[in-house]
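Working notes, beginning with the structure itself.
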Amino acid sequence: MTMEQEHLSVTSNAAVAGATEPLCWICKTNKADSGEHKTKRSDLLAVLGKPSQGQPFYYHDLEKRNRAVASLDAKILKSPVRICSRCNNARTQAHDFAWEAMSDRLRLRRLKVGQWVRCNRIFRYCTKREMINVQLFFLKLTGCMIAEAKENGHDVPIPLDAFSDAIMSGRPHAEVHLQFGRHDGGIGRSNLHVWKTEPGGSILGGWLYKLDPIAVSVIYAQKGRFEHRRDLWHPHSRTSRKRFQIADFMYGKRDQAELKASNVVGADPAAAAADTA
């Protein structure tokens, strides 16, 4: 079994520098003493099963490949930036449960790219509340990535306070959108990329949560600077809050198509080899 786990591009896997006893970035009150899984533990268990010393799965990131993982509670599977036990358990438990339920249902359905899925087909009861909880789950993961970058001295122009406020209040983050889609390889997360547009200096960021055969794109779009797209889901959207469209994250198939195209009759074999190396 394998697990693809790319790491945040603006951080490193090294221990985060900072105070001896840093505070939780969510509540800003309690000691940060609890590690949040980069990929939800229940997702790893459902897709990869339970690893052991005799049958580990393997962790890859930008620093090193093929690190054996024999436990779902291994330190390497958790964010270097910690939050407090209360925030990681009681405060965000409903968020975790909502994503666990949605993850199970999406993976069991035969989803097609371009298909529209009504949110009440995922959550029959309390649909609006549960979908907000799903967004809050991804806010926790994204906030840990941003906090890690900031603690390591990187200038990430995305305010972390808004993530904290949303989780503490149970209300959606106005600038974070989700896109649900089909994926064809790897389990883990992509790099977090952040851009500042020119001209205007508007901030846009995003990363991909990969759980073959599905994936979720988490997109930060500065409020008032970008036009809302109907293929992105947000709790406050007038056009898409009650349903979402299955996006195309089938990158492996596109790579294969490009490979085939480079090997058409008459193509230069040397050039084709260079293109696919």
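Tabulated data for the structure shown
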read-out: Net charge, S103 excluded, C-beta distance under 10 Å - Lys, Arg +1, Asp, Glu -1; value: 0
read-out: Inter-probe distance in nm under a simple model that places probes 7 Å from Cα toward Cβ, at F226 and D161; value: 2.3
read-out: Residue-count net charge about P22 - beta-carbon cut-off 13 Å; Lys, Arg +1, Asp, Glu -1; value: 0
read-out: Solvent exposure of segment 48-168 as accessible area per residue, Å², 1.4 Å probe; value: 52
read-out: Virtual spin-label span in nm between K196 and N66, 7 Å along Cα→Cβ; value: 4.1
read-out: Loop-resident sites, segment 188-247, for trypsin sites (Lys or Arg not before Pro), counting at most 13 other Cβ within 10 Å (DSSP); value: K223, R225, R230, R238
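The values are calculated or read from the model by the stated rules, or taken from the named source; none is laboratory data. It should be emphasised that the depicted structure is a prediction, and the values quoted were computed from it without experimental measurement. Here the Cβ is made from the backbone with ideal geometry for all residues, glycine too, and neighbour counts use every protein chain on show. Note: accessible area is taken over every heavy atom of the protein model, side chains too, but ligands, DNA and RNA are not part of it. Shrake-Rupley method; radii C 1.70, N 1.55, O 1.52, S 1.80 Å.
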